[in-house]
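Read through the structure below, which is laid out as structure tokens, and then see the notes.
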Amino acid sequence: MKNKLNSKRKVFIRTFGCQMNARDSEFVIGVLSERGFKKVDSAEKADVVLFNSCSVRKHAEDRLFSNIADLKKLKAGKPGLLVGLMGCTAQSYKDKALERAPVLDFVCGPGNEADLPEIIANVLKDRCPVVATDKTNEKRPELFPEYRQSAFKTFVSIGEGCNNFCSYCIVPYVRGRERSRDAKDIVREIRGLAGRGFREITLLGQNVNSYKGANGKGQGASFVKLLEGINSIDGIERVRFMTSHPKDASTDLFKAMRDLEKVCEHLHLPVQSGSDRILKLMNRGYTSKKYIRLVQKYKEILPKGALTTDIIVGFPGESDRDFNSTLKLIKDTGFDSAFSFKYSPRPPARSAKLKDNVPADVKQKRLEAVIDMQCDISQRCNAALKGKTLEILVDGCGSKDPRLLTGRTRTNKITVFNGSRGLIGKFVNVIVESVTPYALKGRMV
Ligand code: SAH
Ligand code: SF4
Ligand code: F3S
């Protein structure tokens, strides 16, 4: 068994979903590399193809299964090829994934991902499919081999799972209960990253504000305490985090964002709806008034801070009046940007029991109305930055024109300007000359 794993098997991984999944894919590549696997960049070159999946909306899931089915032809010409499903859809479907996608050889939930080398070995040994989805509520092993996609900015998970059970959301069912990593393990990981030249880290958790890690003295450390610890790590220059839940975000957090120089001035605070009736049905734990008050505090404490959000349109029973409350909240709040989604029933999430009664064309119109309104607001927010000089961490260059560099401001705005590729991974100052709703354009100064 060991010999088989030690001969360099080639693995290709396709990642869907959120940043958590992007980080998990790195984790898995790290674990597999340690056991003799080599990462390749296409399914054609691979011995093992992994799909790291997202179940947050039905559309994402359907696209995933159609991508998996596309491998049928490749597998027919390459009988030794193994195809595996990991991530949230693996956890949600378990053995049913094998029925929906017979091309699969194994199914591995997020909690079982550290066991992938053994799972693959067992498939090879027994020549029959393996389903490993039992470790939903365990902590991941801490000392894992490291793989990072980028050399200068990266994600660090501070915990997994979610206890909030927003009625529309599948995450608590596929990621289990909230588990916080120990603060000392997180700080050790980030120190290691700083030593290897990383400059920006993004802390990840479904609800970072409910973080309760041990602080080394057997007591729970709060998220603000964790930020303080990370802020003092030499070499790291930017710290970001997501996601904050409005019911748990507090002025303490905003003050920490103001006072800790490495913590970037960007808050992602999903509101989902502006209607109190719908917020209640969503089990969000706040009213639109409470949300607006929280945002006022944020803007008072961080007047130049950016604010972004998520919106769901077409939740069961959402009337024109409910939807207009959402539009009003978007208008009054003035988000820098917003991700908006059409509601999608996700059993066993509770709202799936409600009738999905907003017609598809109404959902579509509402989505377009949100996008149109937000586009105007984003354009105005960005236009206010014209003539300002901002610090950019350069993160890439244009595929067509390599002289065109891209990067992000501390407030997380994409910025485009001319410069040489050697600047990727470095900080530069850019004066903003023109803007679109989605990006700033300027020149280096
Ligand atoms: N923990 C994070 C991420 C949740 S998923 C958070 O609480 O913000 C990211 C976004 O997907 C959510 O904020 C929500 O806007 C959207 N989403 C989740 N479930 C959905 C569903 N069933 N239908 C449509 N959008 C959904
Ligand atoms: Fe889902 Fe709500 Fe948890 Fe976010 S906070 S992951 S939306 S249940
Ligand atoms: Fe992320 Fe999708 Fe899972 S949003 S937590 S990959 S369901």
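The numbers here are math on the coordinates, done by the rules we state, and not lab data. Worth saying up front: this structure is predicted, and the values here are computed from it rather than measured. Here the Cβ is made from the backbone with ideal geometry for all residues, glycine too, and neighbour counts use every protein chain on show.
Per residue, how big is the convex hull around the C-alpha atoms of the range 174-214? Give it to me in cubic angstrom, could you? Don't skip to the answer; put the middle values down first.
Working: hull volume 3.4 nm³, N = 41.
Per residue, the Cα convex hull of the range 174-214 comes to 82 Å³.
Local charge for Ser66 was computed over the other residues whose Cβ lies under 13 Å away, with Lys and Arg +1 and Asp and Glu -1, and equals +2.
Annotation: lysines with alpha-carbon distance below 20 angstrom to Lys328 (same-chain offsets under eight excluded): Lys280, Lys289, Lys290, Lys297, Lys299, Lys342, Lys363, Lys365. Ellipsoid semi-axes for the range 267-384, based on the Cα gyration tensor and the rule √(5λ), read 25, 16, 11 Å when sorted largest first. Can you tally the net charge around Leu281? Count Lys and Arg as +1, Asp and Glu as -1, for every other residue whose Cβ sits under 15 Å from the Cβ of Leu281. With Lys, Arg at +1 and Asp, Glu at -1, the net is +4. Per residue, the convex hull around the alpha carbon atoms of the chain comes to 156 Å³. Only helices enter the 222 nm calculation for the chain: every DSSP H run of n ≥ 4 contributes -39,500 (n - 2.57), and dividing by all residues gives -10500 deg cm²/dmol, rounded to 500.
Here the alpha carbons of the range 1-72 define both size measures, Rg and Dmax, at 13.3, 41 Å.
Ranked highest first by average number of other Cβ atoms within 10 Å, how do 226-237, 195-206 line up?
Working: 226-237: 16.9, 195-206: 19.2.
Ranked by mean Cβ neighbours within 10 Å, highest first: 195-206, 226-237.
Here's the picture: charge each Lys and Arg Cβ at +1 and each Asp and Glu Cβ at -1 in the chain, and of Ile371, Met257, Tyr93 the one pushed furthest to the positive end of that dipole is Ile371. The C-alpha atoms of the range 88-127 occupy a region whose extents along the principal axes are 24, 22, 10 Å, arranged from largest to smallest. All alpha carbon pair distances within the range 145-301 were sorted into 10 Å bins beginning at 0; the resulting P(r) in whole percents reads 10, 37, 35, 15, 2.
Neighbours of Phe339 by Cβ distance under 14 Å: Lys/Arg scored +1, Asp/Glu scored -1, total 0.
Multiply the residue separation of Asp332 and Cys375 by 0.36 nm, subtract the distance between their alpha-carbon atoms, and state the gained length in nm to one decimal. It would help to have the intermediate numbers written out before the result.
Details: separation 43, 0.36 × 43 = 15.48 nm, distance 1.43 nm.
Extra length from Asp332 to Cys375 when fully extended: 14.1 nm.
Can you tell me which of 421-431, 53-63 comes out highest on packing, and rank the rest after it, using the mean Cβ neighbours within 10 Å?
On the way: 421-431: 15.5, 53-63: 18.1.
With the highest mean Cβ count within 10 Å placed first, the list reads 53-63, 421-431.
Charges were assigned to the Cβ only: +1 to each Lys and Arg, -1 to each Asp and Glu. The resulting dipole of the range 267-384 about its Cα centre is roughly 480 debye. Pairs spanning more than 21 Å between alpha-carbon atoms, out of Lys262/Lys331; Lys331/Lys355; Lys212/Lys247: Lys262/Lys331; Lys331/Lys355. The count of lysine pairs in the range 38-123 with alpha-carbon distances below 22 Å, taking only pairs 8 or more places apart or on different chains, stands at 17.
Over the range 389-444, what per residue volume does the convex hull of the Cα atoms give, in whole Å³? Spell out each step's value before the answer.
Values: hull volume 3.9 nm³, N = 56.
Each residue corresponds to 69 Å³ of Cα convex hull volume.
At a temperature of 20 °C and a viscosity of 1.002 mPa s, determine how fast the range 1-157 diffuses translationally according to Stokes-Einstein, using the Kirkwood radius over alpha-carbon pairs as Rh; express D in µm²/s, rounded to the nearest whole number. Write down the numbers at each step before the final one.
Details: Rh = 15.6 Å.
Here the translational diffusion coefficient equals 137 µm²/s.
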